[in-house]
1. Any idea which of Leu90, Leu41 is modelled with pLDDT under 95 and either touching a strand residue (DSSP E or B) at 6+ places or on another chain (Cβ under 7 Å) or surrounded by fewer than 22 Cβ atoms within 10 Å (Cβ to Cβ) (or both)?
2. Just for helices (runs of 4 or more DSSP H) wholly inside the stretch 187-271: which have at least 3 residues that are free of Cβ contacts under 8 Å to residues at least 40 places away in the same chain?
3. With the stretch 67-175 as the region, which helices (runs of 4 or more DSSP H) entirely inside it contain at least 2 residues that are under 30 Å from Asn244 (Cα atoms)?
4. Here is a list: Ser188, Ser101, Ser157. Which entry is within 25 Å of Met279 (Cα to Cα), buried (at least 21 other Cβ atoms within 10 Å of the Cβ) and polar (S, T, N, Q)?
5. Please enumerate the residues belonging to the stretch 262-291 that are of a type in the set (Phe, Trp, Tyr) and either more than 19 Å from Leu184 (Cα to Cα) or surrounded by fewer than 22 Cβ atoms within 10 Å (Cβ to Cβ) (or both).
6. Condition first: at pLDDT below 95, surrounded by fewer than 16 Cβ atoms within 10 Å (Cβ to Cβ) and not hydrophobic (A, V, I, L, M, F, W, C). Now tell me which residues in the stretch 193-230 satisfy that.
7. Is there a residue in the stretch 172-181 that is touching a residue at least 12 places away in the same chain (Cβ under 8 Å), closer than 22 Å to Glu42 by Cα, in contact with a strand residue (DSSP E or B) (Cβ under 6 Å, 6 or more places away or on another chain) and aliphatic (A, V, I, L, M)?
8. Starting from residues that are touching a Lys or Arg at 6+ places or on another chain (Cβ under 7 Å) and of a type in the set (Val, Ile, Thr), keep the ones in the stretch 137-196 and report whichever is farthest from Ser290 (Cα to Cα).
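The values are calculated or read from the model by the stated rules, or taken from the named source; none is laboratory data. Quick caveat: nothing in here was measured; it's all calculated off a predicted structure. Positions of Cβ are backbone-derived with ideal geometry, glycine not excepted, and every protein chain shown enters the neighbour counts.
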Amino acid sequence: MRIGRFSSEILAAFLLFGVLGTISLAEVSNMPGSDKERIKLESEASGEGCTIDSFSIFSKSMEREIRVVVILPPEYKTNPGKKYPILYTLHGGGAPYDTYSKMSPLRNALKTKPMIVTCFDGDRGSWFVDSPYLQKPKNYSNEPKKKDTPALPQVKSLFTTFFFDEFIPCVDKNYRVNEKQRMLTGFSMGSFGAFHYMLTKPEMFASVSSLSGCFSIDDGTEADWKNPILGTLKSHPESYEAVNPFPRIKKCVEGKVKLPPVFLHCGTEDELMADNIKMNDFLINNSYVSSLKKSPGKHDWKFWVGSSAEIIDFHWKSLK
């Protein structure tokens with residue numbers, strides 16, 4: 001399924017979403033960390049009692065700053081000796097990187113199900129994998145070009161390396177993370193990323209979830225299909241095969257590799273429903289724990305925010 005089909009709908013939803021509210025940031029201070037990480041922390045308390053930290057990490061692998069948000073549950077400040085589960089959230093293609101931090105039902109759920117929730121800027125269409133190609137501005141920047149400003153440069157897109165080698169260690173260093181309770185979720189393109197990370201290091205994660213999941217970079221029918229992240233399907237089929245979750249899951253079965261429990265939720269009006277049914281059936285048929293919920297909804301903000309508290313509930317139960 002081509003994620004491009006949904007680009008206009010996603011952008012329209014988030015243009016509306018942007019009107020609903022943005023985070024006002026407090027005075028800048030410095031967190032512990034190396035000079036190379038260059039973490040600049042800005043904090044705000046949300047209406048649900050959570051603390052929202054916004055900062056940037058300098059990625060050595062990509063040689064650029066990556067924006068990050070960390071949501072801390074209300075009790076985090078009052079329990080200084082406690083470590084917390086952590087949920088890594090991955091945004092959809094073209095959507096704001098901090099989407100999950102704007103979900104009031106999700107933040108409210110952290111009152112009774114305390115965990116750390118993180119977001120980072122995975123570019124417009126990185127698919128959260130490592131690309132051998134430099135990316136043009138249209139593939140990574142959500143910012144419109146302003147008149148008389150220099151052209152944006154091409155950049156490296158190495159989001160698997162960034163996630164495991166830079167993002168996780170940085171967050172672990174600066175927050176009280178329970179390293180045995182790591183979880184993954186994402187919507188649309190972010191679901192692909194969540195499965196990609198799970199299958200890269202399955203032993204690292206306690207559970208994985210997905211909203212409106214997209215599980216294929218190519219549409220599976222056109223030999224000349226081209227994704228700027230991986231190149232032309234015809235010329236580089238091995239690159240697509242290397243990140244395709246279905247053969248990777250099959251290899252896990254053959255190697256007797258345990259995968260964490262999975263929860264999929266997709267709207268009945270979403271064109272990606274067939275992909276979600278296929279993924280759920282594939283996992284179950286290969287003796288992995290997976291469940292699929294179908295409920296009214298489209299591939300949009302209304303469905304994702306309305307399902308966000310349930311995502312927290314699934315991951316909380318998986319820890320028990």
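1. Values: Leu90 fails: modelled with pLDDT under 95.
Among Leu90, Leu41, only Leu41 is modelled with pLDDT under 95 and either touching a strand residue (DSSP E or B) at 6+ places or on another chain (Cβ under 7 Å) or surrounded by fewer than 22 Cβ atoms within 10 Å (Cβ to Cβ) (or both).
2. Details: elements: 189-200, 237-243, 245-254.
By residue number, 237-243, 245-254.
3. On the way: elements: 104-109, 137-140, 168-174.
Where helices (runs of 4 or more DSSP H) fall fully within the stretch 67-175 and carry at least 2 residues being under 30 Å from Asn244 (Cα atoms), they are 137-140, 168-174.
4. Details: Ser101 fails: within 25 Å of Met279 (Cα to Cα); Ser157 fails: within 25 Å of Met279 (Cα to Cα).
Of the residues listed, the single one that is within 25 Å of Met279 (Cα to Cα), buried (at least 21 other Cβ atoms within 10 Å of the Cβ) and polar (S, T, N, Q) is Ser188.
5. The first filter runs over the stretch 262-291 and keeps only residues of a type in the set (Phe, Trp, Tyr), leaving 263, 282, 288.
Listed by number, the residues that qualify are Phe282, Tyr288.
6. The answer is Asp219, Gly220, Thr221, Glu222, Asp224, Lys226.
7. Yes; the residues of the stretch 172-181 include at least one that is touching a residue at least 12 places away in the same chain (Cβ under 8 Å), closer than 22 Å to Glu42 by Cα, in contact with a strand residue (DSSP E or B) (Cβ under 6 Å, 6 or more places away or on another chain) and aliphatic (A, V, I, L, M).
8. My answer is Val155.
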